[in-house]
Amino acid sequence: MTQRPQSVPSFAELLSSAERSAVHLELRDSYAVAEESEERQLWESGMWTLTDGRRALADWMTLVRSVTERGVAVRRARVVSEPVTSYVRYEHALSPLNIEAGELVRWLPRRQALGIALPAADFWLIDGRLVRFNHFSGDGEAIEPEMSEDPAVVALCSSAFEAVWDRAVPHEKYTVA
């Protein structure tokens, strides 16, 4: 069953509904999310600090903390092309804040993902029962998300995430140039 975009809950509602696990698979090398543009420009200027990041991600960090403090495991895996893009370097710089909030983060070079059946879009999988697909335009702008509880879709996403997670490098061991 796929829900139409207007019925897709917010990230806060979705993560708050998790009881055991929330996993996120990112497959793009670049995003053009409007709410990140100021923060990203500051980072690109070289004037950015983790304190700036904490300010920008305060709501996200509070949400993740509230979820992980309830015992929900929050994991994020990123499949990236190498050499990495500027955007991936930016994500890597922000990742200590995801970890500080309670997420576990791993990175998988795209060449090492060969042979893994991956869905066509980034997704969040909640409690192994519900998938929220995050769709993006060709130039990286977020467009209407989609939800599915279809057992075959859930199984594909769960299998893809776990295969990526098993091969991926923990954040503290992954370096970007």
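Please treat every number below as a calculation from the coordinates, not as lab data. Computed from a predicted structure; not experimentally measured. Please note: Cβ atoms are built from the backbone with ideal geometry, for glycine as well, and neighbour counts cover all protein chains shown.
Computed values, structure above
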| quantity | calculated |
| --- | --- |
| Amide H contacts of Asp29 (H built 1.01 Å from N, under 5 Å, at least 5 apart or other chain) | none |
| Amide H contacts under 5 Å for Val105, placed H, 5+ residues apart | Arg76, His171 |
| Shape category assigned to segment 91-157 from the gyration tensor of Cα positions, a/c cut at 1.5 | rounded |
| Computed over segment 21-173, the ratio Rg/Rh where both radii use C-alpha atoms and Rh is Kirkwood | 0.94 |
| Two-site FRET efficiency, Glu149 against Lys173, from Cβ-Cβ distance with R₀ of 30 Å, rounded to 0.05 | 0.30 |
| Prolate/oblate/rounded call for segment 63-113, Cα gyration tensor, a/c under 1.5 rounded | oblate |
| Separation of alpha-carbon centers, segment 70-89 and segment 137-177, rounded to whole Å | 9 |
| Charge dipole magnitude, Cβ of K and R +1, D and E -1 - segment 21-173, Cα centre, debye nearest 20 | 580 |
| P(r) histogram, all alpha-carbon pairs of segment 22-74 included - 5 Å bins from 0, percent | 4, 16, 19, 20, 22, 14, 5, 1 |
